[in-house]
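Colleague: Okay, here's the structure, questions in a sec.
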Amino acid sequence: MFSQQSIIGNLLPRIPAVSRGRFATWLEKHNRDLSIFQTSLRRKLTTFNVAYAKAGWDATTNISIYPSTSVALSLVDAAAIKEVTASRARFPKPVEQYKLLSFFGDNIVASEGDDWKRYRKIAAPAFSDRNNKLTWDETVRIILDLFDNVWGSQESIIIDHALDITIPIALFVLSAADFGLRISWKDEGIPPNHQMSFKDALHEVSMNCFIKILFPNWAMGLTEHTRRVRLAFEELDSHMLEIISKRRNAEKKEERHDLLSSLLDASADDPSFTDRDLTGNIFMFLVAGHETTAHTLCFTFAMLALYPDQQEILYQHIKSILADGKLPTYEEMPLFTHSMAVFNETLRMFPPVNGIPKYSAEDTSMTVGNAAGDELVLPVPRGTHIVINTVGLHYNPRYWKDPEEFRPSRFLEPDWPRDAFVPFSAGPRACIGRKFFETEGIAVLTLMISRYKIEIKEEPQFASETFEQRKTRVLASKPGLTITPIRVPLVFKRR
Ligand code: HEM
(Lines give C-alpha, C1' and ligand atoms only; values in the text may rest on other atoms or scores of the structure.)
Protein backbone atom coordinates (compact mmCIF):
# COMPACT_ATOMS: atom_id res chain seq x y z
CA MET A 1 0.00 0.00 0.00
CA PHE A 2 2.63 2.55 1.08
CA SER A 3 5.51 3.29 -1.24
CA GLN A 4 8.91 2.95 0.41
CA GLN A 5 9.75 6.24 -1.22
CA SER A 6 7.16 7.98 0.98
CA ILE A 7 8.03 9.07 4.52
CA ILE A 8 5.30 6.94 6.05
CA GLY A 9 6.33 3.87 4.03
CA ASN A 10 9.84 4.38 5.33
CA LEU A 11 8.83 4.58 8.95
CA LEU A 12 6.27 1.79 9.24
CA PRO A 13 7.40 -1.67 10.31
CA ARG A 14 6.90 -4.52 7.88
CA ILE A 15 3.19 -5.27 7.51
CA PRO A 16 2.28 -7.68 4.71
CA ALA A 17 0.59 -5.87 1.80
CA VAL A 18 0.85 -2.54 3.67
CA SER A 19 4.55 -1.68 4.00
CA ARG A 20 7.86 -3.37 3.23
CA GLY A 21 9.36 -2.23 6.53
CA ARG A 22 12.14 0.15 7.38
CA PHE A 23 14.95 -2.30 7.48
CA ALA A 24 13.80 -4.42 4.55
CA THR A 25 16.65 -3.77 2.11
CA TRP A 26 19.27 -4.64 4.67
CA LEU A 27 17.47 -7.63 6.07
CA GLU A 28 16.61 -9.25 2.76
CA LYS A 29 20.16 -9.07 1.42
CA HIS A 30 20.16 -11.28 -1.62
CA ASN A 31 19.00 -14.58 -0.29
CA ARG A 32 17.14 -13.86 2.92
CA ASP A 33 20.02 -14.92 5.13
CA LEU A 34 18.91 -13.38 8.39
CA SER A 35 21.50 -15.04 10.60
CA ILE A 36 23.18 -11.89 11.85
CA PHE A 37 20.06 -10.27 13.23
CA GLN A 38 18.47 -10.33 16.61
CA THR A 39 16.08 -13.25 16.98
CA SER A 40 13.07 -10.99 17.53
CA LEU A 41 13.71 -9.16 14.28
CA ARG A 42 14.35 -12.43 12.48
CA ARG A 43 11.09 -13.95 13.59
CA LYS A 44 9.18 -11.02 12.15
CA LEU A 45 10.84 -11.53 8.79
CA THR A 46 10.66 -15.23 8.14
CA THR A 47 7.56 -14.89 5.97
CA PHE A 48 9.20 -12.28 3.79
CA ASN A 49 9.25 -13.44 0.20
CA VAL A 50 10.16 -10.51 -2.01
CA ALA A 51 13.69 -11.68 -2.69
CA TYR A 52 15.67 -11.85 -5.88
CA ALA A 53 16.64 -15.44 -5.39
CA LYS A 54 12.95 -16.32 -5.34
CA ALA A 55 12.02 -13.97 -8.15
CA GLY A 56 14.59 -15.59 -10.42
CA TRP A 57 15.77 -12.20 -11.75
CA ASP A 58 18.20 -9.61 -10.46
CA ALA A 59 15.39 -7.11 -10.32
CA THR A 60 12.08 -6.99 -8.50
CA THR A 61 9.19 -4.56 -8.65
CA ASN A 62 6.85 -3.24 -6.01
CA ILE A 63 3.60 -1.54 -6.85
CA SER A 64 2.14 0.83 -4.30
CA ILE A 65 -0.89 3.08 -4.13
CA TYR A 66 0.21 5.74 -1.61
CA PRO A 67 1.06 8.64 -2.05
CA SER A 68 0.14 7.81 -5.67
CA THR A 69 0.06 4.67 -7.75
CA SER A 70 3.68 3.98 -8.48
CA VAL A 71 6.11 1.29 -9.46
CA ALA A 72 9.48 0.82 -7.79
CA LEU A 73 12.12 -1.20 -9.55
CA SER A 74 14.78 -2.59 -7.25
CA LEU A 75 18.05 -3.63 -8.88
CA VAL A 76 20.86 -6.02 -7.95
CA ASP A 77 22.14 -6.43 -11.51
CA ALA A 78 25.60 -4.84 -11.87
CA ALA A 79 25.23 -3.88 -15.55
CA ALA A 80 21.79 -2.32 -15.04
CA ILE A 81 23.07 -0.41 -11.98
CA LYS A 82 26.03 0.86 -13.98
CA GLU A 83 23.66 2.12 -16.66
CA VAL A 84 21.51 3.91 -14.09
CA THR A 85 24.39 5.59 -12.26
CA ALA A 86 26.11 6.62 -15.50
CA SER A 87 23.04 8.37 -16.95
CA ARG A 88 22.32 11.30 -14.64
CA ALA A 89 19.84 12.95 -17.03
CA ARG A 90 17.87 9.74 -17.74
CA PHE A 91 17.92 8.57 -14.11
CA PRO A 92 18.14 11.61 -11.83
CA LYS A 93 17.86 11.68 -8.05
CA PRO A 94 14.36 12.05 -6.54
CA VAL A 95 15.41 15.05 -4.48
CA GLU A 96 12.07 15.36 -2.67
CA GLN A 97 13.05 12.19 -0.77
CA TYR A 98 16.04 14.04 0.63
CA LYS A 99 14.14 17.11 1.79
CA LEU A 100 14.27 15.66 5.29
CA LEU A 101 17.99 16.39 5.14
CA SER A 102 17.45 20.05 4.31
CA PHE A 103 16.58 21.26 7.83
CA PHE A 104 19.51 23.64 7.82
CA GLY A 105 19.22 24.69 4.16
CA ASP A 106 19.61 23.41 0.60
CA ASN A 107 22.68 21.30 -0.03
CA ILE A 108 24.71 19.13 -2.38
CA VAL A 109 22.97 15.85 -1.48
CA ALA A 110 19.37 17.08 -1.68
CA SER A 111 19.67 18.94 -5.00
CA GLU A 112 19.67 18.18 -8.73
CA GLY A 113 20.36 20.04 -11.97
CA ASP A 114 22.12 23.41 -11.89
CA ASP A 115 21.95 23.77 -8.10
CA TRP A 116 23.74 20.45 -7.63
CA LYS A 117 26.35 21.32 -10.28
CA ARG A 118 27.11 24.58 -8.48
CA TYR A 119 27.45 22.92 -5.04
CA ARG A 120 29.62 20.11 -6.45
CA LYS A 121 31.91 22.60 -8.23
CA ILE A 122 32.34 24.63 -5.04
CA ALA A 123 33.14 21.57 -2.93
CA ALA A 124 35.38 19.69 -5.41
CA PRO A 125 38.71 21.52 -4.72
CA ALA A 126 38.43 20.62 -1.01
CA PHE A 127 38.63 16.93 -1.97
CA SER A 128 41.82 17.28 -4.00
CA ASP A 129 45.09 15.47 -3.29
CA ARG A 130 46.43 18.41 -1.27
CA ASN A 131 43.54 18.15 1.16
CA ASN A 132 43.74 14.37 1.32
CA LYS A 133 47.26 14.78 2.67
CA LEU A 134 45.86 17.13 5.30
CA THR A 135 43.22 14.47 6.13
CA TRP A 136 45.99 11.88 6.59
CA ASP A 137 48.11 14.14 8.81
CA GLU A 138 45.14 15.18 10.95
CA THR A 139 44.07 11.54 11.34
CA VAL A 140 47.55 10.51 12.50
CA ARG A 141 47.59 13.41 14.99
CA ILE A 142 44.15 12.47 16.38
CA ILE A 143 44.99 8.77 16.77
CA LEU A 144 48.33 9.54 18.45
CA ASP A 145 46.47 11.92 20.79
CA LEU A 146 44.19 8.97 21.69
CA PHE A 147 47.13 6.61 22.25
CA ASP A 148 49.29 9.06 24.21
CA ASN A 149 46.82 11.13 26.17
CA VAL A 150 43.82 8.85 26.71
CA TRP A 151 44.97 5.22 26.61
CA GLY A 152 48.45 6.07 27.94
CA SER A 153 50.45 3.17 29.34
CA GLN A 154 47.49 0.79 29.84
CA GLU A 155 48.24 -2.70 28.54
CA SER A 156 44.63 -3.36 27.61
CA ILE A 157 41.77 -0.94 27.03
CA ILE A 158 38.17 -2.07 27.31
CA ILE A 159 35.69 -0.22 25.10
CA ASP A 160 32.09 -1.10 25.87
CA HIS A 161 30.92 -0.08 22.40
CA ALA A 162 33.37 0.57 19.57
CA LEU A 163 31.22 3.49 18.37
CA ASP A 164 32.36 5.29 21.54
CA ILE A 165 35.72 5.73 19.83
CA THR A 166 34.85 5.59 16.13
CA ILE A 167 32.28 8.40 16.33
CA PRO A 168 34.76 10.85 17.93
CA ILE A 169 37.50 9.76 15.48
CA ALA A 170 35.24 10.42 12.47
CA LEU A 171 34.01 13.72 13.84
CA PHE A 172 37.43 15.00 14.94
CA VAL A 173 38.99 14.18 11.54
CA LEU A 174 36.12 15.77 9.62
CA SER A 175 36.12 18.86 11.83
CA ALA A 176 39.87 19.31 11.53
CA ALA A 177 40.36 18.51 7.83
CA ASP A 178 37.20 20.12 6.42
CA PHE A 179 36.45 22.89 8.90
CA GLY A 180 39.81 23.69 10.53
CA LEU A 181 38.34 22.90 13.94
CA ARG A 182 40.68 20.84 16.10
CA ILE A 183 38.92 19.00 18.92
CA SER A 184 41.08 17.00 21.32
CA TRP A 185 40.03 13.87 23.22
CA LYS A 186 40.49 15.75 26.47
CA ASP A 187 38.28 18.74 25.67
CA GLU A 188 35.24 16.78 24.68
CA GLY A 189 33.04 18.51 27.27
CA ILE A 190 30.31 21.09 26.72
CA PRO A 191 31.81 24.45 25.73
CA PRO A 192 30.66 27.70 27.40
CA ASN A 193 27.41 29.18 25.96
CA HIS A 194 26.23 25.69 24.96
CA GLN A 195 24.06 23.02 26.52
CA MET A 196 25.41 20.20 24.37
CA SER A 197 28.79 19.41 22.84
CA PHE A 198 29.20 19.60 19.06
CA LYS A 199 29.71 15.83 18.92
CA ASP A 200 26.59 14.99 20.94
CA ALA A 201 24.42 17.49 19.04
CA LEU A 202 25.49 16.07 15.68
CA HIS A 203 25.06 12.48 16.79
CA GLU A 204 21.64 13.14 18.29
CA VAL A 205 20.50 14.91 15.12
CA SER A 206 21.66 12.14 12.76
CA MET A 207 20.05 9.44 14.89
CA ASN A 208 16.74 11.28 15.27
CA CYS A 209 16.09 13.08 11.98
CA PHE A 210 12.84 11.15 11.63
CA ILE A 211 11.43 12.52 14.87
CA LYS A 212 11.95 16.06 13.68
CA ILE A 213 10.05 15.29 10.47
CA LEU A 214 7.15 13.60 12.19
CA PHE A 215 6.48 16.07 14.97
CA PRO A 216 5.70 19.79 14.72
CA ASN A 217 7.93 22.00 16.88
CA TRP A 218 5.35 22.39 19.69
CA ALA A 219 4.96 18.62 19.97
CA MET A 220 8.71 18.25 20.34
CA GLY A 221 8.30 19.68 23.83
CA LEU A 222 6.10 16.82 25.03
CA THR A 223 8.60 14.16 26.09
CA GLU A 224 12.11 14.25 27.49
CA HIS A 225 13.44 12.46 24.42
CA THR A 226 11.84 14.84 21.88
CA ARG A 227 12.95 17.84 23.95
CA ARG A 228 16.52 16.57 23.77
CA VAL A 229 16.22 16.09 20.00
CA ARG A 230 14.85 19.63 19.63
CA LEU A 231 17.71 20.96 21.72
CA ALA A 232 20.20 19.02 19.58
CA PHE A 233 18.91 20.70 16.41
CA GLU A 234 19.19 24.16 18.01
CA GLU A 235 22.62 23.39 19.40
CA LEU A 236 23.94 22.03 16.11
CA ASP A 237 22.75 25.15 14.31
CA SER A 238 24.48 27.33 16.86
CA HIS A 239 27.73 25.27 16.71
CA MET A 240 27.74 25.58 12.90
CA LEU A 241 27.16 29.35 13.01
CA GLU A 242 30.04 29.59 15.48
CA ILE A 243 32.37 27.66 13.16
CA ILE A 244 31.43 30.05 10.34
CA SER A 245 31.94 33.21 12.37
CA LYS A 246 35.25 31.99 13.84
CA ARG A 247 36.62 31.36 10.35
CA ARG A 248 35.23 34.59 8.93
CA ASN A 249 37.09 36.50 11.62
CA ALA A 250 40.28 34.47 11.34
CA GLU A 251 40.44 34.25 7.56
CA LYS A 252 42.53 37.39 7.13
CA LYS A 253 45.31 35.93 9.23
CA GLU A 254 45.52 32.44 7.84
CA GLU A 255 45.21 31.13 4.25
CA ARG A 256 43.37 27.78 4.16
CA HIS A 257 42.08 25.61 1.34
CA ASP A 258 39.65 23.33 3.10
CA LEU A 259 35.92 22.79 2.53
CA LEU A 260 34.89 25.63 4.82
CA SER A 261 37.09 28.08 2.85
CA SER A 262 35.55 26.93 -0.45
CA LEU A 263 32.03 27.39 0.93
CA LEU A 264 32.85 30.78 2.46
CA ASP A 265 34.49 32.00 -0.75
CA ALA A 266 31.36 30.98 -2.66
CA SER A 267 29.14 32.86 -0.23
CA ALA A 268 31.36 35.96 -0.49
CA ASP A 269 31.48 35.95 -4.31
CA ASP A 270 27.90 34.96 -5.13
CA PRO A 271 24.95 36.77 -3.52
CA SER A 272 22.63 33.90 -4.44
CA PHE A 273 24.69 31.61 -2.15
CA THR A 274 22.95 32.44 1.11
CA ASP A 275 23.88 31.72 4.71
CA ARG A 276 21.33 28.89 4.60
CA ASP A 277 23.22 27.36 1.64
CA LEU A 278 26.24 27.56 3.90
CA THR A 279 24.71 25.83 6.94
CA GLY A 280 22.77 23.40 4.69
CA ASN A 281 25.99 22.22 3.11
CA ILE A 282 28.07 22.20 6.29
CA PHE A 283 25.38 20.05 7.93
CA MET A 284 25.24 17.75 4.92
CA PHE A 285 28.99 17.20 4.83
CA LEU A 286 29.01 16.54 8.57
CA VAL A 287 26.19 14.01 8.31
CA ALA A 288 27.39 12.37 5.08
CA GLY A 289 30.96 12.15 6.35
CA HIS A 290 30.75 11.26 10.01
CA GLU A 291 28.18 8.53 10.45
CA THR A 292 29.17 6.49 7.37
CA THR A 293 32.81 6.59 8.44
CA ALA A 294 32.16 5.88 12.13
CA HIS A 295 29.94 2.88 11.39
CA THR A 296 32.35 1.45 8.82
CA LEU A 297 35.31 1.75 11.20
CA CYS A 298 33.19 0.10 13.91
CA PHE A 299 32.19 -2.86 11.70
CA THR A 300 35.82 -3.19 10.54
CA PHE A 301 37.13 -3.46 14.12
CA ALA A 302 34.33 -5.95 14.91
CA MET A 303 35.17 -8.17 11.92
CA LEU A 304 38.90 -8.14 12.69
CA ALA A 305 38.16 -9.07 16.30
CA LEU A 306 35.83 -11.87 15.23
CA TYR A 307 38.36 -13.16 12.67
CA PRO A 308 41.78 -13.06 14.40
CA ASP A 309 43.41 -14.94 11.49
CA GLN A 310 42.43 -12.09 9.14
CA GLN A 311 43.72 -9.57 11.68
CA GLU A 312 47.05 -11.41 11.82
CA ILE A 313 47.39 -11.33 8.00
CA LEU A 314 46.73 -7.59 8.09
CA TYR A 315 49.20 -7.04 10.96
CA GLN A 316 51.96 -8.95 9.17
CA HIS A 317 51.37 -6.91 6.01
CA ILE A 318 51.49 -3.60 7.87
CA LYS A 319 54.67 -4.73 9.67
CA SER A 320 56.29 -5.59 6.34
CA ILE A 321 55.88 -1.94 5.26
CA LEU A 322 56.39 -0.01 8.47
CA ALA A 323 59.77 -0.16 10.16
CA ASP A 324 59.45 -0.48 13.96
CA GLY A 325 58.06 2.65 15.58
CA LYS A 326 57.87 4.57 12.30
CA LEU A 327 54.72 6.52 11.55
CA PRO A 328 52.93 5.79 8.24
CA THR A 329 52.97 8.65 5.73
CA TYR A 330 50.43 9.75 3.13
CA GLU A 331 52.90 8.89 0.36
CA GLU A 332 52.95 5.28 1.63
CA MET A 333 49.17 4.96 1.50
CA PRO A 334 49.05 2.99 -1.80
CA LEU A 335 51.30 0.35 -0.20
CA PHE A 336 48.72 -0.57 2.44
CA THR A 337 46.79 -2.79 0.04
CA HIS A 338 45.59 -5.21 2.74
CA SER A 339 44.15 -2.38 4.81
CA MET A 340 42.20 -1.24 1.74
CA ALA A 341 41.05 -4.83 1.07
CA VAL A 342 39.78 -5.12 4.67
CA PHE A 343 37.76 -1.91 4.25
CA ASN A 344 36.38 -2.96 0.88
CA GLU A 345 35.28 -6.31 2.29
CA THR A 346 33.64 -4.59 5.28
CA LEU A 347 31.90 -2.10 2.97
CA ARG A 348 30.74 -4.97 0.77
CA MET A 349 29.18 -6.73 3.73
CA PHE A 350 27.96 -3.63 5.59
CA PRO A 351 27.33 -0.88 3.04
CA PRO A 352 26.16 2.06 5.18
CA VAL A 353 23.81 3.30 2.44
CA ASN A 354 21.56 0.30 1.75
CA GLY A 355 19.49 1.70 -1.07
CA ILE A 356 20.27 4.54 -3.47
CA PRO A 357 17.13 6.06 -4.99
CA LYS A 358 16.77 7.30 -8.58
CA TYR A 359 13.83 7.67 -10.95
CA SER A 360 13.27 7.40 -14.64
CA ALA A 361 12.89 10.80 -16.29
CA GLU A 362 11.66 9.29 -19.57
CA ASP A 363 10.00 6.20 -21.01
CA THR A 364 12.89 3.84 -21.47
CA SER A 365 13.93 0.22 -21.05
CA MET A 366 16.57 -1.73 -19.22
CA THR A 367 18.15 -5.16 -19.56
CA VAL A 368 18.38 -7.29 -16.42
CA GLY A 369 19.82 -10.76 -15.99
CA ASN A 370 19.83 -13.72 -13.65
CA ALA A 371 22.12 -16.44 -12.37
CA ALA A 372 21.25 -18.74 -15.29
CA GLY A 373 22.62 -16.16 -17.74
CA ASP A 374 19.18 -15.24 -19.17
CA GLU A 375 18.42 -11.64 -20.09
CA LEU A 376 15.16 -9.74 -19.98
CA VAL A 377 14.37 -6.32 -21.41
CA LEU A 378 12.14 -4.46 -18.97
CA PRO A 379 10.05 -1.49 -20.05
CA VAL A 380 10.72 1.35 -17.61
CA PRO A 381 8.02 4.00 -17.93
CA ARG A 382 8.71 7.62 -17.04
CA GLY A 383 8.29 8.22 -13.31
CA THR A 384 9.33 4.69 -12.24
CA HIS A 385 11.14 4.75 -8.89
CA ILE A 386 14.45 2.93 -9.08
CA VAL A 387 16.31 1.60 -6.06
CA ILE A 388 19.93 0.56 -6.38
CA ASN A 389 19.95 -2.18 -3.78
CA THR A 390 23.53 -1.97 -2.57
CA VAL A 391 23.19 -4.81 -0.08
CA GLY A 392 21.49 -7.15 -2.56
CA LEU A 393 24.19 -6.46 -5.15
CA HIS A 394 26.99 -6.99 -2.62
CA TYR A 395 25.57 -10.38 -1.58
CA ASN A 396 24.62 -11.46 -5.08
CA PRO A 397 26.26 -14.88 -5.61
CA ARG A 398 26.39 -14.17 -9.33
CA TYR A 399 29.30 -11.81 -8.63
CA TRP A 400 30.60 -12.80 -5.19
CA LYS A 401 31.63 -16.34 -4.29
CA ASP A 402 30.44 -17.27 -0.77
CA PRO A 403 29.09 -13.77 -0.17
CA GLU A 404 28.41 -14.40 3.54
CA GLU A 405 32.13 -15.04 4.18
CA PHE A 406 34.48 -12.29 5.38
CA ARG A 407 37.34 -12.70 2.92
CA PRO A 408 39.30 -9.46 2.30
CA SER A 409 41.68 -11.24 -0.09
CA ARG A 410 38.96 -11.29 -2.78
CA PHE A 411 39.76 -7.58 -3.25
CA LEU A 412 43.43 -8.38 -3.88
CA GLU A 413 42.60 -10.41 -6.96
CA PRO A 414 43.16 -8.35 -10.12
CA ASP A 415 39.75 -9.15 -11.62
CA TRP A 416 37.44 -8.58 -8.67
CA PRO A 417 33.98 -7.49 -9.93
CA ARG A 418 34.27 -3.71 -9.73
CA ASP A 419 30.82 -2.99 -11.15
CA ALA A 420 29.23 -5.12 -8.42
CA PHE A 421 30.71 -2.94 -5.64
CA VAL A 422 28.89 0.36 -5.12
CA PRO A 423 29.08 1.38 -1.43
CA PHE A 424 29.90 4.92 -2.58
CA SER A 425 27.42 4.80 -5.50
CA ALA A 426 28.96 5.40 -8.95
CA GLY A 427 28.91 7.82 -11.88
CA PRO A 428 28.69 11.61 -11.60
CA ARG A 429 26.71 11.48 -8.32
CA ALA A 430 29.09 9.11 -6.58
CA CYS A 431 30.35 10.01 -3.11
CA ILE A 432 32.64 13.04 -3.24
CA GLY A 433 34.19 11.95 0.09
CA ARG A 434 35.33 8.46 -0.97
CA LYS A 435 39.04 9.28 -1.03
CA PHE A 436 38.63 11.27 2.18
CA PHE A 437 37.21 8.17 3.88
CA GLU A 438 39.84 5.85 2.41
CA THR A 439 42.64 8.16 3.51
CA GLU A 440 41.31 8.51 7.04
CA GLY A 441 40.40 4.81 7.28
CA ILE A 442 43.79 3.52 6.18
CA ALA A 443 45.61 5.88 8.54
CA VAL A 444 43.40 4.78 11.47
CA LEU A 445 43.61 1.06 10.71
CA THR A 446 47.34 1.05 10.05
CA LEU A 447 48.16 2.85 13.29
CA MET A 448 45.66 0.89 15.36
CA ILE A 449 46.66 -2.60 14.14
CA SER A 450 50.38 -1.82 14.24
CA ARG A 451 50.14 -1.08 17.98
CA TYR A 452 47.08 -2.95 19.32
CA LYS A 453 45.49 -6.34 18.92
CA ILE A 454 41.70 -6.10 18.84
CA GLU A 455 39.60 -8.75 20.60
CA ILE A 456 35.94 -9.16 21.50
CA LYS A 457 35.41 -8.36 25.19
CA GLU A 458 34.78 -11.54 27.18
CA GLU A 459 31.68 -11.23 29.36
CA PRO A 460 30.50 -13.92 31.83
CA GLN A 461 26.88 -13.81 30.64
CA PHE A 462 28.01 -14.81 27.12
CA ALA A 463 30.58 -17.41 28.22
CA SER A 464 28.72 -20.39 26.71
CA GLU A 465 27.79 -18.89 23.35
CA THR A 466 28.95 -20.47 20.07
CA PHE A 467 30.96 -18.51 17.48
CA GLU A 468 27.81 -17.97 15.38
CA GLN A 469 25.88 -16.67 18.39
CA ARG A 470 28.73 -14.33 19.26
CA LYS A 471 28.88 -13.06 15.70
CA THR A 472 25.12 -12.49 15.68
CA ARG A 473 25.32 -10.57 18.94
CA VAL A 474 28.31 -8.42 18.04
CA LEU A 475 27.09 -7.54 14.55
CA ALA A 476 23.46 -6.83 15.53
CA SER A 477 22.37 -3.55 13.94
CA LYS A 478 19.45 -1.17 13.95
CA PRO A 479 18.19 1.34 11.40
CA GLY A 480 19.40 4.93 11.57
CA LEU A 481 20.35 7.26 8.76
CA THR A 482 22.74 4.40 7.92
CA ILE A 483 22.87 0.89 9.44
CA THR A 484 23.97 1.30 13.03
CA PRO A 485 25.79 -1.35 15.10
CA ILE A 486 23.98 -1.80 18.43
CA ARG A 487 26.84 -2.81 20.73
CA VAL A 488 30.34 -3.89 19.73
CA PRO A 489 32.28 -4.51 22.98
CA LEU A 490 36.02 -4.67 22.29
CA VAL A 491 39.38 -4.93 24.04
CA PHE A 492 42.48 -3.26 22.57
CA LYS A 493 45.60 -5.10 23.78
CA ARG A 494 48.98 -3.49 23.34
CA ARG A 495 51.23 -5.53 21.03
C1 HEM B 1 32.42 4.85 4.43
C2 HEM B 1 32.26 6.09 4.10
C3 HEM B 1 31.24 6.61 3.12
C4 HEM B 1 30.28 5.94 2.41
C5 HEM B 1 29.98 4.46 2.41
C6 HEM B 1 29.57 6.92 1.61
C7 HEM B 1 28.54 6.63 0.74
C8 HEM B 1 27.93 7.55 -0.09
C9 HEM B 1 26.90 7.24 -1.06
C10 HEM B 1 26.31 5.86 -1.32
C11 HEM B 1 26.56 8.39 -1.68
C12 HEM B 1 25.47 8.57 -2.76
C13 HEM B 1 24.18 8.90 -2.05
C14 HEM B 1 22.99 9.11 -2.97
O15 HEM B 1 23.13 9.17 -4.19
O16 HEM B 1 21.91 9.25 -2.43
C17 HEM B 1 27.35 9.44 -1.09
C18 HEM B 1 27.27 10.75 -1.46
C19 HEM B 1 27.96 11.76 -0.80
N20 HEM B 1 28.91 11.61 0.18
FE21 HEM B 1 29.59 9.89 0.93
N22 HEM B 1 30.11 8.14 1.86
C23 HEM B 1 31.13 8.01 2.77
C24 HEM B 1 31.94 8.99 3.28
C25 HEM B 1 31.81 10.33 2.99
C26 HEM B 1 32.65 11.37 3.52
C27 HEM B 1 33.83 11.15 4.47
C28 HEM B 1 32.16 12.55 3.05
C29 HEM B 1 32.64 13.96 3.28
C30 HEM B 1 33.73 14.29 3.90
C31 HEM B 1 31.03 12.25 2.19
C32 HEM B 1 30.28 13.18 1.51
C33 HEM B 1 29.32 12.86 0.56
C34 HEM B 1 28.60 13.87 -0.20
C35 HEM B 1 28.73 15.36 -0.07
C36 HEM B 1 27.75 13.17 -1.07
C37 HEM B 1 26.82 13.75 -2.12
C38 HEM B 1 27.55 13.84 -3.45
C39 HEM B 1 26.70 14.38 -4.58
O40 HEM B 1 25.49 14.18 -4.58
O41 HEM B 1 27.28 14.98 -5.49
N42 HEM B 1 30.86 10.89 2.18
N43 HEM B 1 28.19 8.90 -0.15
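The values are calculated or read from the model by the stated rules, or taken from the named source; none is laboratory data. Note that this is a predicted model, so its numbers are computed, not measured. Cβ sites come from the backbone with ideal geometry, for glycine too, and all protein chains shown count toward neighbours. Accessible surface areas use protein heavy atoms only, side chains included; no ligands, DNA or RNA. Shrake-Rupley method; radii C 1.70, N 1.55, O 1.52, S 1.80 Å.
Colleague: Leaving ligands, DNA and RNA out of it, rank 182, 256 by accessible area with a 1.4 Å probe, largest first.
Modeller: Sorted by accessible area, descending: 182, 256.
Colleague: For the stretch 227-242 and the stretch 406-432, compute the distance between their C-alpha centroids and round to whole Å.
Modeller: Cα centres, the stretch 227-242 to the stretch 406-432: 36 Å.
Colleague: Then there is this: For the stretch 176-284, what class follows from the C-alpha gyration tensor (a ≥ b ≥ c being the square roots of its eigenvalues): rounded when a/c is under 1.5, otherwise prolate if a/b is larger than b/c, else oblate?
Modeller: oblate
Colleague: Among the aspartates and glutamates, which fall within straight-line cross-link reach of residue 319, defined as a Cα-Cα distance under 18 Å, with same-chain neighbours fewer than 8 residues apart omitted?
Modeller: Straight-line reach from residue 319, under 18 Å: 309, 331, 332.
Colleague: Take the alpha-carbon centre of the stretch 355-400, take the same for the stretch 114-144, and report the distance between them in whole Å.
Modeller: That distance is 32 Å.
Colleague: Quick one: what are the phi-derived ³J(HN,Hα) couplings along the stretch 273-290, Karplus 6.51/-1.76/1.60 with θ = phi - 60°, whole Hz, x for glycine and proline?
Modeller: 8, 7, 4, 6, 5, 5, 5, x, 6, 4, 4, 4, 5, 5, 5, 4, x, 9
Colleague: For residue 477, what residues show an amide H to amide H distance below 5 Å, using hydrogens built from the backbone and excluding near sequence neighbours?
Modeller: Residues meeting the criterion, in which the H sits 1.01 Å from N, are 38, 486.
Colleague: For the stretch 480-495, what does the Karplus curve 6.51 cos²θ - 1.76 cosθ + 1.60, with θ = phi - 60°, yield as ³J(HN,Hα) per residue in whole Hz, taken in order and with x for Gly and Pro?
Modeller: In residue order, the calculated couplings are x, 4, 10, 4, 10, x, 7, 7, 10, x, 10, 10, 9, 9, 4, 7 Hz.
Colleague: Also, quick follow-up: Does the chain classify as rounded, prolate or oblate by the C-alpha gyration tensor (a ≥ b ≥ c root eigenvalues; a/c under 1.5 gives rounded; else a/b over b/c gives prolate, otherwise oblate)?
Modeller: Taking the square roots of the gyration eigenvalues as a ≥ b ≥ c, the chain is rounded.
Colleague: By average Cβ neighbour count within 10 Å, what is the ranking of 373-383, 474-484 from highest down?
Modeller: 474-484, 373-383
Colleague: Please list the non-local residues whose amide H lies under 5 Å from the amide H of residue 366, H modeled 1.01 Å from N, same-chain partners needing a gap of 5 or more.
Modeller: Excluding prolines and chain starts, which carry no amide H, the hits are 378, 380.
Colleague: Expressed as a whole percentage, what fraction of the accessible surface of the chain belongs to carbon and sulfur atoms when a 1.4 Å probe is rolled over the protein heavy atoms?
Modeller: C and S atoms contribute 55 percent here.
Colleague: How do 210, 492 rank by accessible surface area computed with a 1.4 Å probe, from largest to smallest?
Modeller: Reading off the accessible areas and sorting them downward yields 210, 492.
Colleague: Still on this model: Pull up all non-local amide H partners of residue 457: gap of 5 or more, or a different chain, and H-to-H distance under 5 Å with H placed in the peptide plane.
Modeller: Answer set, sorted by chain and number: 490, 491.
Colleague: Listed highest first by mean packing, meaning other Cβ atoms within 10 Å per residue, what order do 425-438, 217-230 come in?
Modeller: 425-438, 217-230
Colleague: While we're here: Please name which of 78, 264, 376 has its Cα lying farthest along the dipole of the chain towards the positive end, using unit charges on Cβ (Lys, Arg +1; Asp, Glu -1) and the Cα centre as origin.
Modeller: With unit charges placed on the Cβ atoms, the residue in question is 376.
Colleague: Expressed as a whole number of Å, what is the distance separating the alpha-carbon centroids of the stretch 454-495 and the stretch 258-289?
Modeller: 38 Å
Colleague: Which entries in 435/478; 133/358; 246/493; 99/457; 199/478; 358/457 show an alpha-carbon gap greater than 30 Å?
Modeller: 133/358; 246/493; 99/457; 358/457
Colleague: With every protein chain kept in place and ligands, DNA and RNA left out, what is the accessible area per residue of the chain? Probe 1.4 Å, answer in Å².
Modeller: With all protein chains present, the chain gives 43 Å² per residue.
Colleague: Show that you can apply the helix-only estimate: for the chain, add -39,500 (n - 2.57) for every DSSP H stretch of four or more residues, divide by all residues, and state [θ] at 222 nm to the nearest 500.
Modeller: -14000 deg cm²/dmol
Colleague: Please list 3J(HN,Hα) in residue order for the stretch 146-158, calculated via the Karplus relation 6.51 cos²θ - 1.76 cosθ + 1.60 where θ = phi - 60°; whole Hz, with x for glycine and proline.
Modeller: So the Karplus estimates, Gly and Pro as x, are 5, 4, 7, 9, 10, 7, x, 8, 4, 6, 9, 10, 9 Hz.
Colleague: Right, here's the next one. Would you mind putting 133-142, 400-409 in packing order, based on average other-beta-carbon counts within 10 Å, highest first?
Modeller: My ranking of the peptides, most packed first, is 133-142, 400-409.
Colleague: For the stretch 92-240, what class follows from the C-alpha gyration tensor (a ≥ b ≥ c being the square roots of its eigenvalues): rounded when a/c is under 1.5, otherwise prolate if a/b is larger than b/c, else oblate?
Modeller: Oblate.
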